[in-house]
Amino acid sequence: MSGSIILYFQEHANSFLDLLMQGITMAGEQMVFIAVITFIIWNISKRSGYMLTYTLMTSSILNGLLKLIVHSPRPFQVLEGIEGKRLSTAEGYSFPSGHTQGAVTFYTGVALCLKKRRYMAAAVIIAGLVGLSRVYLGVHWPIDVIGGFTIGLLYTLVMFTLLERLIDDPIFRQRLNLITAGISAAGLLVLIPLASGDSVHYEQYHSLIKLLSITGGFTIASFFEERQVHYDTAGSLMIKLLRYVIGLAGALLIMYGFKLILPTHEISTVIRYAGAALWAFYLYPLIGIRIRMDSDGTTLFTVLTPPND
């Protein structure tokens, strides 16, 4: 049945649908997530940005672990006549769909932050379209999409409910950051030696190493930002635009530019992804509170008083 559905899409594929589905699948990829999350944390609400980032990253790690446990092959790997498309986004195993789980986690999280019921409907539709695109492209089975959607939605609702109740307690936040950073570091110590090029699980290990690096960097950065910076997201439209463009350029430079100069090794992956998270959540605001934008003393970031988001 699953194979028949994929074959149906392949038989009715054309250049327009290929382009459309590849565009839709991009809505479930890290570049979109990075672009939106950084705008939220720097210009709208650190609290919402933190909850969204924490939920998305831990959901993604859960997805990676489930893939390792199930290690299901992808359709184009086992079905004759199936052409996998946009294969650069089809690393590792198949179940559950990482794009679908990431999309439903991210867009549902955004809807929960906005607290608007109509945004929840939009989140479900976008995530559903991302899942459909993965089946069309031949990189996931329908059950992968159903599994990723269900796991992502349930996980996001539970995690946001818990964080909404506890996140305003500074002691809880700091402990959560340290515990999560410690778990991420422990996971990296286990995975890095295993992620050799000839490992049968290499692509899945590599994906998890990236996720753990971002999560560890994000939680350590949040820990120190709260203690040493505690910036405000307020500012004029021009300040916010400059804040966003400069900060995003810095994050992308670290994540992708450093790839050109660092040796090809998993340690380099850790440096790039953890470094980008440290920049976005701590180093950039730390520098920004010292950068004057005009003669009145307005800085790129301002320190928040009193200490509330």
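General observations
- Cβ-Cβ FRET estimate between TYR8 and VAL32, R0 fixed at 25 Å, reported to 0.05: 0.35
- Gain upon complete extension [LEU157, LEU242; 0.36 nm per residue less C-alpha separation]: 27.2 nm
- Prolate is the label for the range 1-141. Its Cα gyration tensor axes, ordered a ≥ b ≥ c, give a/c of at least 1.5 and a/b above b/c.
- The label-point distance for VAL303 and ASP232, in a model that sets each label 7 Å from Cα toward Cβ, rounds to 1.3 nm.
- The range 136-188: C-alpha gyration tensor shape, a/c 1.5 cut-off, then a/b vs b/c: oblate
- Figure note: LYS240, LYS85, LYS259, LYS116 ranked by solvent-accessible area, largest first, 1.4 Å probe, ligands and nucleic acids not counted: LYS259, LYS116, LYS240, LYS85.
- Computed over the chain, the Cα gyration tensor eigenvalues convert (square root of 5λ each) into semi-axes of 35, 22, 19 Å, ordered from largest to smallest.
- Cα-Cα separations in the range 187-309 greater than 22 Å, expressed as whole percent: 44 percent
- At an R0 of 25 angstrom, the distance between the Cβ atoms of SER268 and ILE179 translates into a FRET efficiency of 0.40.
- Secondary-structure-derived ellipticity at 222 nm for the chain, considering helices only, amounts to -23500 deg cm²/dmol, per-run term -39500 (n - 2.57) for DSSP H runs with n ≥ 4.
- At an R0 of 22 angstrom, the distance between the Cβ atoms of ILE125 and SER45 translates into a FRET efficiency of 0.35.
- Legend: Rg and Dmax of the range 147-219, from Cα coordinates, 15.2, 46 Å.
- Under 5 Å, built H, 5+ apart or other chain: amide partners of THR299: MET293
- GNM remark for the chain: springs join alpha carbons under 10 Å apart, and the peak mean-square fluctuation among ARG86, ARG243, ARG118 falls on ARG118.
- Mean projection area, nm², convex hull over Cα of the range 66-216: 10.0 nm²
- Cross-link reach is defined here as a Cα-Cα straight distance under 21 Å, omitting same-chain residues fewer than 8 places apart; for LYS85 the lysines meeting it are LYS67.
- Rounded if a/c under 1.5, otherwise prolate or oblate - the range 1-70, Cα gyration tensor axes: oblate
- Most to least accessible of ASP169, ASP144 (protein chains only, probe 1.4 Å): ASP169, ASP144
- The slack between TYR202 and LEU20, meaning 0.36 nm per residue of separation minus the straight C-alpha distance, is 62.5 nm.
- Close amide H pairs (under 5 Å, H built 1.01 Å from N) link TYR231 with LEU304, residues at least 5 positions away or on another chain.
The values are calculated or read from the model by the stated rules, or taken from the named source; none is laboratory data. Everything quoted here is computed from the prediction, not taken from an experiment. Glycine also receives a Cβ, built like all others from the backbone with ideal geometry; neighbour counts cover every protein chain displayed. Note: accessible area is taken over every heavy atom of the protein model, side chains too, but ligands, DNA and RNA are not part of it. Shrake-Rupley method; radii C 1.70, N 1.55, O 1.52, S 1.80 Å.
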